Amino acid sequence: MSVSEILNKRYSVRSFEQRPIEQSLLDEIFTNAQLAPSNCNVQPWQVCVVSGNTKQVLQDKFIGLLMGGAKPNPDFNWAPQYQGQHRERQFGSANALYSAIGVSREDKKGRHMAMLRNWQFFDAPHAAFFTMDKYLDIMGAVDLGIYAQTLSLVLAEHGISNCMQGALGQFPDPVREVLGLPEERGILFGMSFGYPKLDAPVNQTRTERIQLSDAVTFYG
Ligand SMILES: Cc1cc2nc3c(=O)[nH]c(=O)nc-3n(C[C@H](O)[C@H](O)[C@H](O)COP(=O)(O)O)c2cc1C
């Protein structure tokens, strides 16, 4: 598949087959993703891939925290609230998701349950946490974003889908604890991935893109 074909076919997947990916294929995919560019070739990403029991332990910790009413305490600045047209697009993506799964605007509990699915990794067999030294701040965040998209494309080449998740950066303490990471390591965001359950309602979610002329200006 060409990159253009992948881009045309790709969408965020939030329901997965219970079919783990062979370690040899994971090695190949993550080796390829290492070719992502980075500022001064610093390659700041420290990627933690969780599966099996480790993923389950993390899920249990996340859900325990959320059920106890814990508030997010991300390592990086996820605080700005979207404004204006950004807010409208945010609502658009949320509506696309909730209408695919039949949850109405008024159904607060339904929305909350759908939100919780993030910390259950959408039942994906694997998840990656994109981590980096905290001091890198926005410099590292740019590189990690580029890395994550590179990984997403390589995964897609192998028929593997994903959902990138800011949600996985909201409760960094259990991640550091379970994975034995030092305090100076920051958890930026994550991604659940695996083979897609194509017929799942949540995977019928589709989003739109704004017109080229609203996003790109060509100067002569
Ligand atoms: C940095 C980043 C963080 C995201 N965080 C979440 C998340 O926490 N939960 C979720 O369900 N989707 C998340 N998404 C997926 C977006 O909602 C999705 O990419 C967007 O609505 C466009 O839809 P598409 O990926 O299907 O084209 C995230 C995407 C990115 C790039």
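The values are calculated or read from the model by the stated rules, or taken from the named source; none is laboratory data. Nothing here was measured: the structure is a model prediction, and the numbers come from that model. Virtual Cβ from ideal backbone geometry, glycine too; neighbours counted across all protein chains shown. Only protein heavy atoms, including side chains, enter the accessible area calculation; ligands, DNA and RNA are left aside. Shrake-Rupley method; radii C 1.70, N 1.55, O 1.52, S 1.80 Å.
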Among the residues of the range 20-58, the number that are farther than 22 Å from L179 by Cα and surrounded by 10 or more Cβ atoms within 10 Å (Cβ to Cβ) is 8
Confirm whether L116 is without any contact (Cβ under 8 Å) to a residue 60 or more places away in the chain, surrounded by fewer than 19 Cβ atoms within 10 Å (Cβ to Cβ), within 13 Å of the ligand (Cβ to nearest atom) and within 29 Å of E22 (Cα to Cα).
yes
- Item | Test: residue in the range 24-33 that is in contact (Cβ under 8 Å) with a residue 24 or more places away in the chain, more than 19 Å from the chain's Cα centre (by Cα) and in a loop (DSSP other than H, G, I, E, B) | no
When restricted to Y11, Y82, the only residue in a loop (DSSP other than H, G, I, E, B), in contact (Cβ under 8 Å) with a residue 12 or more places away in the chain, open to solvent by 40 Å² or more (accessible area, probe 1.4 Å) and farther than 29 Å from P182 by Cα is Y11
Looking across the range 159-195 at residues that are closer than 17 Å to T54 by Cα and assigned to a strand (DSSP E or B), the single one that is farthest from the ligand (Cβ to nearest atom) is G194
Picked from the range 196-220 (must be within 9 Å of the ligand (Cβ to nearest atom) and polar (S, T, N, Q)), the residue surrounded by the most Cβ atoms within 10 Å (Cβ to Cβ) is T205
Within the range 148-158, residues open to solvent by 40 Å² or more (accessible area, probe 1.4 Å) and more than 9 Å from the ligand (Cβ to nearest atom) come out as L153, E157, H158
The lone condition S93 fails out of (1) open to solvent by 70 Å² or more (accessible area, probe 1.4 Å); (2) within 19 Å of the chain's Cα centre (by Cα) is (1)
C40: passes all of (1) part of a helix (DSSP H, G or I); (2) touching a strand residue (DSSP E or B) at 6+ places or on another chain (Cβ under 9 Å); (3) not charged (D, E, K, R) but (2)
